[in-house]
Amino acid sequence: MTNTDCIFCKIIAGEIPSFKLYEDDRTYAMMDINPFHDGHCLVLTKAHCVNILDADAADLAAVLPTAQKISRAVEAALEPEGINLIQANGPAAGQTVYHYHTHIFPRRLNDGALLNWGHAPGDMGRIEDVYKKIMAALD
Ligand code: AMP
Ligand code: ZN
């Protein structure tokens, strides 16, 4: 099921470009275009749902193996000092796109990341370089 007004549904449908890392029947993984650190990625459910509250359980179950796959590639490509999986539900939680997604959020020691970290535009060339590194590390 898709939502015609949803930016992530448009990305999954190929109507808006993305740095796609991986997809399977239920999930879609791509680079976040406002990264906090290099390697900040998102895993989406392919089916449109707002967040964890209305997601299909089988879709949610499919997200974690994809998050593991992407996390392993990020680890291999970029060697962060840690990785958080972050998933926001509702405005106070920092949700800004209302289509389910889990952040693969690489960390550096003492990087001062706050949960609601704000969005600063990324450098597309740099994102593409990092994208290629992670793609090369995906198995
Ligand atoms: P959240 O604030 O948890 O809802 O996260 C939404 C994320 O989607 C933010 O980190 C945005 O940078 C990211 N985002 C928004 N639009 C796009 C897009 N077109 N392609 C990739 N990432 C996006
Ligand atoms: Zn959607």
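The values are calculated or read from the model by the stated rules, or taken from the named source; none is laboratory data. Remember, predicted model here, so these are calculated numbers, not experimental data. Because the Cβ atoms are built from the backbone with ideal geometry, glycine has one as well, and the counts that use them run over all protein chains shown. Note: accessible area is taken over every heavy atom of the protein model, side chains too, but ligands, DNA and RNA are not part of it. Shrake-Rupley method; radii C 1.70, N 1.55, O 1.52, S 1.80 Å.
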Only one of (1) buried (at least 18 other Cβ atoms within 10 Å of the Cβ); (2) out of contact with any strand residue (DSSP E or B) (no Cβ under 7 Å at 6 or more places or on another chain); (3) over 13 Å from Phe8 (Cβ atoms) fails for Leu53. Which number is that? (1)
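Against the condition more than 18 Å from Glu128 (Cα to Cα) and of a type in the set (A, V, I, L, M, F, W, C), how does Cys49 come out, does it pass?
Details: more than 18 Å from Glu128 (Cα to Cα): yes; of a type in the set (A, V, I, L, M, F, W, C): yes.
Answer is yes for this residue.
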Across the range 18-53, what is the number of residues that are without any contact (Cβ under 8 Å) to a residue 24 or more places away in the chain and not in a loop (DSSP other than H, G, I, E, B)? 4
Output the number of the condition that Leu64 fails; it satisfies all remaining conditions of (1) under 23 Å from Pro121 (Cα atoms); (2) at pLDDT 95 or above; (3) of a type in the set (A, V, I, L, M). (1)
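Here are some residues: Ala73, Ala77, Ala88. Which one is open to solvent by less than 50 Å² (accessible area, probe 1.4 Å), within 27 Å of Thr4 (Cβ to Cβ), in contact (Cβ under 8 Å) with a residue 12 or more places away in the chain and of a type in the set (Gly, Ala, Ser)?
Details: Ala73 fails: within 27 Å of Thr4 (Cβ to Cβ); Ala77 fails: within 27 Å of Thr4 (Cβ to Cβ).
That would be Ala88, the only listed residue that is open to solvent by less than 50 Å² (accessible area, probe 1.4 Å), within 27 Å of Thr4 (Cβ to Cβ), in contact (Cβ under 8 Å) with a residue 12 or more places away in the chain and of a type in the set (Gly, Ala, Ser).
What residue, among those in the range 36-46 that are open to solvent by 30 Å² or more (accessible area, probe 1.4 Å) and not charged (D, E, K, R), is farthest from ligand 1 (Cβ to nearest atom)? Spell out the reasoning first.
Of all residues in the range 36-46, those open to solvent by 30 Å² or more (accessible area, probe 1.4 Å) come to 36-38, 46.
Adding the requirement that they be not charged (D, E, K, R) leaves 36-37.
Values: Phe36: 8, His37: 12 Å.
Among them, the one singled out is His37.
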